[in-house]
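One structure, pasted below without further comment.
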Amino acid sequence: MAKLTMVQALNLALRQEMEKDDRVMLLGEDVGVDGGVFRVTDGLIDIFGAERVIDTPLAESGIVGAAIGMAVYGLRPVCEIQFSGFTYFNFHQLESHAARLRHRSQGKYHVPMVLRAPYGGGVRALEHHSESREVYYAHTPGLKMVIPSGPRNSRALMVSAIRDPDPVIFFEPKALYRAFREEVPEEEETLPLGVPVKVREGGDVTLVAYGAMIPLSLDAAEVLKAKHGIEVEVFDLLTLSPLDDTLITESVRKTGHAVVVHEAHRSFGPGAEIMARLMEEAFFYLEAPVKRVTGYDIVYPLFAREKAYMPNAMRIVRAVRETLAS
Amino acid sequence: MPKKPLLFTHQLEYLSILDENGNVDQTLEPELPEDFLLKLYRYMLFGRRFDERMLNLQRQGRIGTFPPLTGQEASQLGAAAALKPSDWMAPAFREGLAEIWRGKSMENTILYYAGYDEGGAVEEDRNDLPLAIPVSSQTLHAVGIAMAMKYRQTPDVAMTFFGDGATSEGDFHEALNFAGVFQAPVIFVCQNNQWAISTPLSKQTRSETIAQKAIGYGFPGVQVDGNDILAVYSASAQAIERARSGEGPTLIECLTYRMGLHTTADDPTKYRNNEDVKVWESRDPIRRFQTYLLNKGVLAEEKTQQYEEEIKAEIQGGVERSEKLMNELGAPEDMFAHQYAELSPHLLRQREEMLEQWRLDQKEEKNG
């Protein structure tokens with residue numbers, strides 16, 4: 001097994017799916033000759049040609065609208081939007097058509113496309129390059145919303161996303177693109193969409209996170225164990241929509257305590273939905289209010305102040321200790 | 001660094017074959033089989049009568065909001081009739097006649113406007129997208145379909161319809177730009193009916209024509225008399241031929257007029273005067289085509305009467321069948337169908353919840 005970064009693992013997923021299935025196409029700004037601004041599609045144009053790795057004009061709605069047409073025709077387009085902060089240009093194509101064509105045509109057509117976009121902060125970027133607005137897509141019926149947290153699961157989820165018969169919004173935590181390497185098998189590996197995974201076992205408190213918050217949450221869990229003897233059970237959502245709360249609810253029934261972590265804004269964020277599900281499914285097992293460690297409800301600051309905005313392991317440790325103390 | 005003129009040599013064609021009195025320019029007259037001409041005429045007549053009946057059904061509360069197409073029969077049918085069944089069509093929302101020509105059932109059309117999702121179904125052998133309401137958004141789908149056709153090396157083309165208002169939307173420009181860059185086999189058919197609800201063409205654009213916008217994207221545009229079905233058909237057939245032979249996209253601007261309401265929720269007396277409408281009445285697409293066919297000896301007076309009677313009965317049959325279907329449809333859980341390939345456990349639970357709530361609602365309503 002090779003040790004790959006997330007960028008390399010995603011590249012592997014795209015390459016292997018394109019080798020296996022000539023319906024799989026890539027399109028986006030600078031995805032061909034340049035290999036994508038983060039190099040996720042590096043080298044693919046050399047293998048598959050400009051017919052299948054399409055450098056498009058600079059127009060996000062155009063990219064997604066054309067991908068919808070391709071998908072309806074029977075191809076499996078994977079489009080890259082250079083940063084999630086520019087997906088608003090194409091939002092109406094996703095909401096008005098990708099999400100609805102199956103229903104509108106009463107099953108005649110479906111839109112098996114993937115929209116890839118780097119999201120999230122902590123990389124000292126320009127304005128519009130650090131946001132975490134996955135709830136827009138998770139809130140939209142007809143779409144699936146997937147966010148990996150490491151090289152190995154990003155590869156497995158990407159393969160599943162490409163093969164999924166419905167449109168998948170695939171946000172890649174850009175802070176993790178090259179943050180660490182993992183063993184990624186050359187052989188095919190998939191992960192089911194819509195199923196969270198337990199990434200750490202523990203009996204004292206349930207911690208729910210996803211994407212770039214997973215390494216922080218695991219760091220926090222280590223500190224909590226080492227310094228405070230607290231055993232944290234950590235769940236990685238992997239898919240925000242459809243959200244399956246079964247494992248999380250079960251865990252909270254055991255621990256009686258929960259903390260949700262995301263860099264997305266707090267109000268109406270993924271944490272709000274998870275807390276609501278816990279109220280519905282595990283209210284009588286809760287021993288303390290559920291806590292949220294999140295981005296604040298403000299415009300994402302330019303990077304001189306982003307450290308104070310972004311959740312970190314220390315904030316998570318404090319939140320866990322507070323919920324256990326209350 | 002001198003200033004120097006950059007000369008553009010582009011020019012546009014305007015095409016009209018049949019004038020408003022039904023006189024034909026024989027040098028431009030397309031050679032079409034008589035049965036095809038009669039079929040076109042019969043469909044145009046059907047379109048007009050179906051429109052009238054739908055308006056009627058709406059006023060009686062039997063269907064919901066509906067966008068009438070009267071006046072635009074030639075500009076949509078002339079274009080769609082030039083397609084082959086294996087070609088694709090991406091309509092906006094006023095192309096009901098083009099859709100029926102392509103094989104959409106009257107029942108589905110009525111069901112859709114009566115509020116049944118089932119009416120959106122696309123028949124098995126019809127390669128068309130369902131109607132699209134967000135203005136101009138469908139133009140990009142046609143481009144994507146055409147790009148996929150090119151990749152698959154099929155000899156097919158995609159045709160998309162939109163109005164004059166749509167040319168102000170970003171998606172229209174992105175679609176034309178993509179089509180030009182990728183030389184996609186796509187035909188853009190603008191139904192320039194002069195009005196986007198209350199906004200006249202003069203407030204959509206300072207361009208003298210819509211056709212000229214194609215020049216900026218590197219492919220030809222043509223303006224046609226949209227009330228002249230022979231002109232619309234000829235321009236479309238030529239554009240389709242170009243696209244099929246790998247020469248890329250064309251923009252066709254059909255000059256026509258929305259004789260009726262934007263939708264049944266609209267009141268045009270608020271924003272346009274009747275004089276203009278009268279002028280366009282004299283340019284009616286059906287009357288002039290009828291005159292042409294009568295003069296040509298293809299159509300006889302008795303035949304038009306026969307068509308009228310047949311169409312009346314067909315529409316009555318369609319209305320009756322659709323209303324019968326409405327009584328059979330309507331199970332509330334069907335709203336959960338075709339959301340995803342598979343419903344997640346969460347959605348399955350919501351469907352159960354909806355059914356239980358619906359049952360309780362009905363019980364309460366029954367008990368007052």
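Scan region A:125-142 residue by residue and report those that are under 14 Å from A:Pro173 (Cα atoms) and either more than 16 Å from the chain's Cα centre (by Cα) or outside any loop (DSSP other than H, G, I, E, B) (or both).
A:Ala125
Moving on. If you go through region A:41-60, how many residues are of a type in the set (Asp, Glu) and either outside the structural domain of A:Arg76 (by TED's automatic domain parsing) or not in a helix (DSSP H, G or I) (or both)?
Of all residues in region A:41-60, those of a type in the set (Asp, Glu) come to A:42, A:46, A:51, A:55, A:60.
Cutting the leftovers down to either outside the structural domain of A:Arg76 (by TED's automatic domain parsing) or not in a helix (DSSP H, G or I) (or both) gives us A:42, A:51, A:55.
Total meeting the criteria: 3.
Is there a residue being part of a loop (DSSP other than H, G, I, E, B), in contact with a helix residue (DSSP H, G or I) (Cβ under 9 Å, 6 or more places away or on another chain) and in the same structural domain as B:Leu293 (by TED's automatic domain parsing) anywhere in region B:232-241?
Filtering region B:232-241 for residues part of a loop (DSSP other than H, G, I, E, B) gives none.
Scanning region B:232-241, I find no residue that is part of a loop (DSSP other than H, G, I, E, B), in contact with a helix residue (DSSP H, G or I) (Cβ under 9 Å, 6 or more places away or on another chain) and in the same structural domain as B:Leu293 (by TED's automatic domain parsing), so the answer is no.
Another question, if that's okay. Pairs only if they're at least six apart or on different chains, beta carbon under 8 angstrom, first in region B:350-365 and open to solvent by less than 100 Å² (accessible area, probe 1.4 Å), second not in a helix (DSSP H, G or I); list them, first residue then second.
B:Arg351/B:Leu343
Shifting gears a bit: Read through the list (1) open to solvent by 10 Å² or more (accessible area, probe 1.4 Å); (2) of a type outside the set (Gly, Ala, Ser); (3) touching a residue at least 40 places away in the same chain (Cβ under 8 Å); (4) in a helix (DSSP H, G or I), then give the number of the only condition that A:Tyr88 fails.
Status for A:Tyr88: all satisfied but (3).
Just checking: which of the helices (runs of 4 or more DSSP H) contained wholly in region B:242-338 hold 1 or more residues that are loosely packed, with under 12 Cβ neighbours inside 10 Å?
Working: elements: B:274-281, B:285-296, B:301-328.
Of the helices (runs of 4 or more DSSP H) lying wholly inside region B:242-338, those with at least 1 residues that are loosely packed, with under 12 Cβ neighbours inside 10 Å span B:274-281, B:301-328.
Sticking with this structure for a sec: Give the residue that is surrounded by the fewest Cβ atoms within 10 Å (Cβ to Cβ), with candidates limited to residues of region A:32-53 that are under 24 Å from the mean Cα position of the chain (by Cα) and under 16 Å from B:Tyr151 (Cβ atoms).
A:Leu44
Is region B:149-161 home to any residue that is without any contact (Cβ under 8 Å) to a residue 24 or more places away in the chain and of a type outside the set (Lys, Arg)? Even if it seems obvious, please write down each step before you answer.
Going residue by residue through region B:149-161, those that are without any contact (Cβ under 8 Å) to a residue 24 or more places away in the chain are B:151-153.
Those still in the list that are of a type outside the set (Lys, Arg) too: B:151, B:153.
There is at least one residue in region B:149-161 that is without any contact (Cβ under 8 Å) to a residue 24 or more places away in the chain and of a type outside the set (Lys, Arg).
Still on this model: Residue pairs, Cβ under 6 Å, 6 or more apart or interchain, first in region A:95-124 and facing chain B (nearest Cβ under 7 Å), second open to solvent by less than 10 Å² (accessible area, probe 1.4 Å) and among the polar types (S, T, N, Q). List them.
A:Ser96/B:Ser137
Among the strands (runs of 3 or more DSSP E) contained in region A:145-224, which hold 1 or more residues that are under 16 Å from the mean Cα position of the chain (by Cα)?
Details: elements: A:168-173, A:182-184, A:197-200, A:205-209.
Per the criteria, A:168-173, A:197-200, A:205-209.
So in region A:289-315, with the set limited to residues that are of a type in the set (A, V, I, L, M) and within 15 Å of A:Ala264 (Cβ to Cβ), which one is least open to solvent (accessible area, probe 1.4 Å)? Working first, answer last.
At the first step, the residues of region A:289-315 found to be of a type in the set (A, V, I, L, M) are A:290, A:293, A:298-299, A:302, A:304, A:308, A:310, A:313-314.
Applying the additional criterion that residues be within 15 Å of A:Ala264 (Cβ to Cβ) yields A:293, A:298-299, A:310.
Details: A:Val293: 6, A:Ile298: 92, A:Val299: 112, A:Met310: 26 Å².
Out of the qualifying residues, it is A:Val293.
So which of B:Tyr151, B:Tyr112, B:Tyr116 ends up being of a type in the set (Phe, Trp, Tyr), open to solvent by 10 Å² or more (accessible area, probe 1.4 Å) and within 9 Å of chain A (Cβ to nearest Cβ)?
On the way: B:Tyr112 fails: within 9 Å of chain A (Cβ to nearest Cβ); B:Tyr116 fails: within 9 Å of chain A (Cβ to nearest Cβ).
Result of the check over B:Tyr151, B:Tyr112, B:Tyr116: B:Tyr151.
Going through A:Arg277, A:Arg266, A:Arg321, A:Arg253 one at a time, which residue ends up being within 14 Å of chain B (Cβ to nearest Cβ), among the basic types (Lys, Arg) and out of contact with any Leu (no Cβ under 6 Å at 6 or more places or on another chain)? Can you show your working first?
Working: A:Arg266 fails: within 14 Å of chain B (Cβ to nearest Cβ); A:Arg321 fails: within 14 Å of chain B (Cβ to nearest Cβ); A:Arg253 fails: within 14 Å of chain B (Cβ to nearest Cβ).
Just a single option satisfies the conditions, and that option is A:Arg277.
Quick check: is even one residue across region A:137-147 in contact with a helix residue (DSSP H, G or I) (Cβ under 9 Å, 6 or more places away or on another chain), among the basic types (Lys, Arg) and under 19 Å from B:His346 (Cβ atoms)?
Within region A:137-147, one or more residues are in contact with a helix residue (DSSP H, G or I) (Cβ under 9 Å, 6 or more places away or on another chain), among the basic types (Lys, Arg) and under 19 Å from B:His346 (Cβ atoms).
Right, next: For the subset of region B:339-361 comprising residues that are outside any helix (DSSP H, G or I) and hydrophobic (A, V, I, L, M, F, W, C), which member is farthest from B:Asn108 (Cα to Cα)? Before the answer, list the steps.
Residues of region B:339-361 outside any helix (DSSP H, G or I): B:339-344.
Those still in the list that are hydrophobic (A, V, I, L, M, F, W, C) too: B:341, B:343.
Working: B:Ala341: 23, B:Leu343: 25 Å.
Within region B:339-361, the match that is farthest from B:Asn108 (Cα to Cα) is B:Leu343.
The values are calculated or read from the model by the stated rules, or taken from the named source; none is laboratory data. None of the values given here were measured: they were computed from a predicted structure. Cβ: placed from backbone, ideal geometry, glycine included. Neighbour counts: every protein chain shown. Surface areas here come from the heavy atoms of the whole protein model, side chains and all, with no ligands, DNA or RNA. Shrake-Rupley method; radii C 1.70, N 1.55, O 1.52, S 1.80 Å.
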